[in-house]
Amino acid sequence: MDFKNTREFAQQLDAQDKLAKYRDEFNFPHINGKQVIYFTGNSLGLQPKRTKAYVDEVMNDWAKLAVEGHFFADKPWWDYHERFAQPLSKVVGALPSEVTVMNTLTVNLHLLMVSFYNPKPNRYKIICEEKAFPSDQYMIKSQVHFHGYDPDDAIIEIKRRDGEHNIRTEDVLNVIKEAGDELALVLIGGVNYYTGQVFDMETITKAGQEAGAYVGWDLAHAAGNIHLDLHKWNVDFAAWCSYKYMNSGPGNASGAFVHEMHHNDMDLPRFAGWWGHNKERRFLMEPQFDPVRGADGWQISNLPILSLAPYLASVEMFDEVGMPALIQKRDHITSYLEFILHEIDKDVDSTFEIITPSNPKERACQLSVFLHGEGKALFDYLMENGVITDWREPNVIRLAPVPLYCSYEDMYEFGQVLKKGILSHK
Ligand SMILES: *Cc1c(COP(=O)(O)O)cnc(C)c1O
């Protein structure tokens with residue numbers, strides 16, 4: 001399609017957009033009395049209006065039923081998490097028994113590493129990506145230390161080539177091959193948080209497993225954003241937070257995936273708790289731990305229902321919309337944003353550079369823009385003028401045109417504000 005940098009054209013795209021009605025389902029912040037253009041759904045998704053009713057329901061049940069709510073609430077609390085199995089498994093391409101909700105993301109990755117990172121003197125290395133999200137770096141280092149190994153020796157980072165912003169799949173495969181028999185685990189962010197690069201998870205998973213390692217994915221920027229087929233790709237484990245693309249609210253519960261092939265493996269170490277115990281016998285308080293045969297068997301504690309309620313609202317919305325429709329709009333609106341950026345760049349004789357891959361197969365909702373020479377003043381200008389973006393040192397802004405609630409007119413309008421901002425700083 002030939003795009004145009006005009007308001008009329010953008011409005012026309014909005015008029016044809018089948019998901020346009022979802023924009024009204026969200027609460028937007030306002031700046032100077034005007035609804036913002038929100039590009040930070042990759043950091044904290046907007047609040048769906050329907051969420052409050054889900055939280056109120058739990059509050060009311062708690063007030064009216066107290067402890068009886070565990071079994072007699074409309075949505076009983078003791079197995080509340082099971083409402084996620086169907087819809088959430090569709091978001092990540094899993095069997096319902098392979099997904100669960102619990103804890104928070106870094107905690108879940110630690111717990112899954114208890115099962116899937118068991119270094120031995122001849123097999124102890126971990127492959128991760130260079131400049132992984134800091135929490136992942138701290139997590140991996142601390143796990144290596146915990147097992148008595150030296151992070152400098154045990155952790156292999158996949159580097160970008162000189163002058164390149166993204167990691168090549170062939171380089172990942174080469175590093176896996178070199179690590180060979182010493183490789184215990186591959187753990188990478190499925191979508192890089194900084195550049196928005198989408199990794200070829202199927203190919204990398206296969207290569208890691210052929211080397212005899214487990215392969216897990218941090219899907220913080222992938223869940224609710226990209227097509228995932230975790231079961232079919234034979235991924236060993238994965239975890240994601242729900243507050244980015246999945247709009248469940250600040251710091252909210254995480255999702256986790258454990259492949260079916262591990263559900264009956266009682267030799268895998270794991271940290272146990274009563275919520276992972278055989279559901280039928282949980283309240284018999286037996287001494288012997290008998291895990292649920294599924295991802296739920298990795299649960300530890302009685303679940304935070306007030307935290308799950310907003311996540312359930314969101315998961316049900318994703319189920320209604322479906323990933324294919326979201327992905328279709330995502331690609332289109334992201335291309336439109338890319339077009340607008342190039343148009344404005346020409347207009348202002350600037351030199352910003354999009355470091356996210358231009359190949360739609362290697363990117364999703366996010367464009368990361370390197371602002372040569374523009375600096376944080378521009379970011380501040382955008383914020384003052386009602387455009388919320390995300391600033392990362394040294395000078396990258398990240399823009400996520402989330403398909404559920406961003407409009408094409410937002411993209412046009414953003415271009416106009418950006419242009420004014422750059423000209424006023426020249
Ligand atoms: C957002 C993000 C996290 C956050 O972890 P929490 O435990 O939820 O604070 C971790 N890893 C990646 C790759 C992220 O993008």
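Rule-based calculations on the coordinates, nothing more; no lab input. Here the structure is a predicted model, which means the values were calculated and not measured. Don't worry about glycine lacking a Cβ; one is built from the backbone with ideal geometry, like all the others, and counts go over all protein chains shown.
Cβ-Cβ distance of E25 and N264, R₀ of 25 Å, FRET efficiency by 1/(1 + (r/R0)^6): the value works out to about 0.05.
Kirkwood radius, the range 111-266, all distinct C-alpha pairs, inverse of mean reciprocal distance: 15.9 Å. With contributions of -39500 (n - 2.57) from each DSSP H run of at least four residues, the per-residue ellipticity at 222 nm computed over the chain stands at -12000 deg cm²/dmol. Each principal axis of the Cα cloud of the range 53-321 was evaluated for its coordinate range; sorted largest first, these ranges are 62, 42, 29 Å. Checking the cross-link pairs K75/K244; K75/K206; K49/K279 against a 31 Å limit on the alpha carbon distance flags K75/K206; K49/K279 as lying beyond it. In this label model, Q11 and S43 are separated by 3.1 nm, measuring between points 7 Å along each Cα→Cβ vector. Estimated at 0.36 nm per residue, the fully extended path between D380 and F271 surpasses their Cα-Cα distance by 34.7 nm.
Along the Cα-to-C-beta direction of L423, a point sits 7 Å from the Cα; which residues of the range 1-28 have their amide N less than 19 Å from that point? The answer is 5-8, whose backbone nitrogens lie closer than 19 Å to the label point.
Principal axis analysis of the Cα atoms in the range 1-109 yields extents of 58, 36, 28 Å, listed in decreasing size. Our estimate of slack between K18 and D349, defined as 0.36 nm per intervening residue step minus the Cα-Cα distance, is 115.6 nm.
Gain on full extension, evaluated as 0.36 nm per residue between K232 and Q288 minus their Cα-Cα distance, stands at 16.8 nm.
The range 236-363 has equivalent-ellipsoid semi-axes of 43, 17, 13 Å, by the square roots of 5 times the alpha carbon gyration tensor eigenvalues, sorted largest first. Summarising the label geometry, the points placed 7 Å from Cα in the beta-carbon direction at K159 and V114 lie 3.7 nm from one another.
Between the residues T205, M59, G224, the greatest Cα displacement towards the positive end of the dipole of the chain, with unit charges on the Cβ of Lys, Arg, Asp and Glu, is found for M59. What whole-number distance in Å separates the alpha-carbon centres of the range 365-388 and the range 163-219? Using only Cα atoms to place each centre, the spacing works out to 31 Å.
For the chain, a crude dipole built from +1 on the beta carbon of Lys and Arg and -1 on the beta carbon of Asp and Glu, taken about the Cα centre, is about 580 debye to the nearest 20.
Partners of K419 within straight-line reach, counting lysines whose Cα lies under 17 Å from its Cα and excluding those fewer than 8 residues away in the same chain: K4, K346, K376. Need the C-alpha centroid separation for the range 249-263 versus the range 47-78, integer Å. Taking the Cα centre of the range 47-78 as reference, the centre of the range 249-263 is 22 Å away.
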